[in-house]
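Q: Sending over a structure as structure tokens; questions will come in a sec.
Coordinate-derived values only; no laboratory data. All values reported here derive from a predicted model rather than from experimental measurement. Because the Cβ atoms are built from the backbone with ideal geometry, glycine has one as well, and the counts that use them run over all protein chains shown.
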Amino acid sequence: MMTNAGEQLDGKTLYERQKTARDLAGPTVIAANLEKPENIGSLLRVADAAGCAEVILAQDRRLRHRERIFATAVETQNHVPWRVSLVDEFLAGAAAIGPNLIAIELTTTSRNVFEVALPRACAFVIGNERYGIPDKILAACNSAVHVPMFGVKGSMNVTHALAVVLWEWRRQMGKQDNER
């Protein structure tokens, strides 16, 4: 049993500790038509924290308000590879991302993220804050997972759902490594 919370780590100690967790590159994240600059910035921050390989912003229109995006990202846009792609361009090259394109969306066949074995090699897809993942991108996904909800509201912020799924992926990959 823990007797106290310990002392807060300084930046250098924390950085050294984090370096050991970078051995396994995280999945790619595809964000389809996110609109709110704060959500895009938060996405970049979460992707960096989870060690994601890449972030692809699949957009139907030009990315706006970069200064607000970067203010929320708190310089993580400089540490995680990211790019903007038109939705149709993304779909044309989606096969190159790999066979495991997983939607984070409540669908007729989605499974609880805590009850499914996530593949090591995969990419996660999130959608618009209001409308979710566009049908044509959802159709390109091989499967879907959802985060179970216990409150009154039936959904959570898209980047929060992504964070839950990414940390579950990390937890499962660590467990797999320990079983080898």
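Q: Quick one: what are the phi-derived ³J(HN,Hα) couplings along the stretch 141-158, Karplus 6.51/-1.76/1.60 with θ = phi - 60°, whole Hz, x for glycine and proline?
A: 7, 7, 7, 9, 10, 9, 9, x, 10, 10, x, 6, 6, x, 8, 10, 3, 4
Q: So how strong a dipole does the chain carry about its Cα centre when Lys and Arg Cβ are +1 and Asp and Glu Cβ are -1, to the nearest 20 debye? Mind showing how you got there, number by number?
A: On the way: 21 positive and 20 negative charges, 13 e Å.
It comes to approximately 60 debye.
Q: Name the long-range amide H neighbours of GLN59: under 5 Å, sequence gap of 5 or more, or other chain; modelled H, no Pro or chain starts.
A: Residues meeting the amide H criterion: ASN33, SER85, LEU86, VAL87.
Q: Which order do the peptides 131-137, 53-59, 104-110 take when ranked by the mean count of other beta-carbon atoms within 10 Å per residue, highest first?
A: Going by the mean number of other Cβ atoms within 10 Å, highest first, we get 53-59, 131-137, 104-110.
Q: Can you tell which of PHE150, PHE124, PHE90 shows the greatest fluctuation in a Gaussian network model of the chain with Cα springs below 10 Å?
A: Looking only at PHE150, PHE124, PHE90, the largest GNM fluctuation is found for PHE150.
Q: In whole percent, what relative contact order does the chain give with Cα contacts below 8 Å and a gap of six or more residues?
A: Working: 264 pairs, mean separation 42.5, N = 180.
Across the chain, relative contact order equals 24 percent.
Q: Rounded, prolate or oblate: pick one for the stretch 6-104, where a ≥ b ≥ c are the square roots of the eigenvalues of its C-alpha gyration tensor, a/c under 1.5 means rounded, and failing that, prolate if a/b is larger than b/c, else oblate.
A: Verdict is oblate for the stretch 6-104.
Q: Where a Cα-Cα gap under 15 Å defines reach, which aspartates and glutamates qualify for LYS136, not counting those fewer than 8 residues away within the same chain?
A: Here the aspartates and glutamates satisfying the reach criterion relative to LYS136 are ASP60, ASP88, GLU89, GLU105.
Q: Going by a ≥ b ≥ c, the root eigenvalues of the Cα gyration tensor, does the stretch 60-178 fall in the rounded group (a/c under 1.5), the prolate group (a/b larger than b/c) or the oblate group?
A: Taking the square roots of the gyration eigenvalues as a ≥ b ≥ c, the stretch 60-178 is rounded.
Q: Name the shape class, rounded, prolate or oblate, that the alpha-carbon gyration tensor gives for the stretch 129-170, where a ≥ b ≥ c are the square roots of its eigenvalues, rounded holds for a/c under 1.5, and otherwise prolate holds if a/b is larger than b/c and oblate otherwise. Can you show the working numbers first?
A: On the way: a/c = 2.03, a/b = 1.26, b/c = 1.61.
Since a/c reaches 1.5 but b/c is at least a/b, the shape of the stretch 129-170 is classed as oblate.
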